[in-house]
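S.K.: Take this structure, written in structure tokens, and hold onto it; I'll ask about it next.
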Amino acid sequence: MKRFYPFFTIGTVGMIVTSMLHIFIALGLSISSAHTSFYILYSTFMAFLAIGFGLTLKTQKESKIT
């Protein structure tokens, strides 16, 4: 059984929620100036996702060795 770290969950949920909010603001409200603030959110949650993915791979490799 794979054990996913909380960073992976935070990154995944954050990316999904951010993208849905971005789509709503872009299409529903037609606010064009809000796009720049989403770049910071995307990069932050992508970093969480990458850290969680790396820790999960590290754990899987360690469990195969021992």
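We did not get these values from a lab; they are worked out from the coordinates using the rules stated. It should be emphasised that the depicted structure is a prediction, and the values quoted were computed from it without experimental measurement. FYI the Cβ positions are ideal-geometry reconstructions off the backbone, even for glycines, and counts take in every protein chain you see.
S.K.: Assuming R0 = 25 Å, can you tell me the calculated FRET efficiency for the pair MET46 and ARG3, based on Cβ-Cβ distance, to the nearest 0.05?
M.R.: 0.75
S.K.: Stretched out fully, how many nm does the piece from ALA34 to ILE65 gain, at 0.36 nm a residue minus the Cα gap?
M.R.: Stretched fully, the ALA34-ILE65 segment lengthens by 6.4 nm.
S.K.: From Cα pairs below 8 angstrom and at least 6 apart in sequence, can you work out the relative contact order of the chain, rounded to a whole percent?
M.R.: It rounds to 55 percent for the chain.
S.K.: Counting trypsin sites (Lys or Arg not before Pro) as exposed when in a DSSP loop with at most 14 other beta carbons within 10 Å, what is the longest stretch of the chain free of them?
M.R.: My reading of the result: 4-66 is the longest stretch.
S.K.: Step through the residues of segment 35-42 one at a time and calculate ³J(HN,Hα) from phi using the Karplus curve (6.51 cos²θ - 1.76 cosθ + 1.60, θ = phi - 60°), rounding each to whole Hz and writing x for Gly and Pro.
M.R.: 5, 5, 6, 6, 4, 5, 5, 4
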